[in-house]
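This report concerns only the one structure given below.
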Amino acid sequence: MAENDIKQSTDTPGLPLDAHWAPNPRQISLLEEVRVRGAVSIERLAQRLDVTMQTVRRDVQRLSDAGLLLRFHGGVNLPREAPSVGAWKERQALRADAKARIARSVAAAIPDGSSLMMGIGTTVEAVARELLKKSGLRVITHNLHVASLLSEHRDCKVHVAGGVLRSRDSALEGDSTVAFLKQFKVDFAIISTMGIDPDGTMRDQDLRELPVAQTLIEQARESWLVADVSKFSEAELAKVGHLQNMKRVFTEALPPLPYPKMLNEWGVALTIAS
């Protein structure tokens, strides 16, 4: 992917105005390294990534300008209090290739002219980008990132729920959000999750997501889960659904045991994006 120049805002220093910029694969690997190890020296990063220290310094500068890393003398760490835009950019960058593969697979399975509800998460947003290639869609969402992406599509009608705006992911929540969504019946609900327990329970960080997630599932003829393979066995706090309620699961690699067997027993189709 070609890199675009980052323009800096004089009102909010350190945050990129270019919404189309995303870290390249090497920078994503750097982010993963810092995420796993915590504070890391520039020299150690150069060794781990098998690149020069000059290359690491250049990447660190780009990532710190975007709010994804915190620099200190001789090394980097994750921001202690990352701004919401920076945190969203970090989530968007992590496992970007897997999300793109999943998104292409999902979009290929959606017929032109379909109606959809789309939930929260950067994998769902990746699906929205691929839907720009489809025609005649009608999309209902409480995710402002999805709404913004699809607003560029001349042949897609987007309905946006009202409610209370949640800063961490630009999602809307609350009773008015649920009431709005319940007005519609759609072909497909495209949802994601932050973790899936070994018993099939889908989980999120926030219990407030539960009413909206349940409504998306209830108002769709088919519910499709989009989740990279790292989400399987990932521990999170709040229950928001169950794999048994899904019609299809899209991921980029075979999930670990016992998930494939459980999905088969529950009649949930597993699609591994190539």
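Values in this text are rule-based calculations from the coordinates and carry no lab data. Bear in mind the structure is a predicted one, so any value in this text is a computation, not a measurement. Ideal geometry is used to build each Cβ from the backbone, glycine not excepted, and the neighbour counts take in all protein chains shown.
When each of the peptides 260-266, 95-101, 181-187 is scored by how many other beta carbons lie within 10 Å of its residues on average, the order from highest to lowest is 95-101, 181-187, 260-266.
In whole percents, the pair-distance distribution calculated for segment 25-83 from its alpha-carbon pairs, binned every 10 Å from zero, is 25, 65, 10, 0.
Here the calculated FRET efficiency for D197 and V51, from their Cβ-Cβ distance with R0 = 45 Å, stands at 0.75, rounded to the nearest 0.05.
When only the Cβ of Lys, Arg, Asp and Glu is charged (+1, +1, -1, -1), the dipole of the chain relative to its Cα centre reaches about 240 debye. Each Lys or Arg adds one and each Asp or Glu takes one away; over the other residues whose Cβ falls under 14 Å from the Cβ of T251, this sums to +2. Close amide H contacts of L70 (hydrogens built in the peptide plane, cut-off under 5 Å, sequence separation of 5 or more or a different chain): N77, L78. Taking every alpha-carbon pair under 8 Å whose residues sit at least 6 apart, segment 126-274 reaches a relative contact order of 17 percent.
Normalising the average separation of contacting C-alpha pairs (under 8 angstrom, six or more residues apart) by the number of residues puts the relative contact order of the chain at 13 percent.
Cβ crowding within 10 Å ranks V124, V240 as V124, V240, fewest other Cβ atoms first.
Stretching K261 away from D112 to a fully extended chain increases their span by 50.4 nm, per 0.36 nm per residue minus the current alpha-carbon distance. From the list [x] 45, 20, 16; [y] 26, 21, 20; [z] 33, 22, 18, can you say which value of semi-axes √(5λ) of the Cα gyration tensor in Å was derived from the structure given? Given [x] 45, 20, 16; [y] 26, 21, 20; [z] 33, 22, 18, the structure-derived one carries the label [z].
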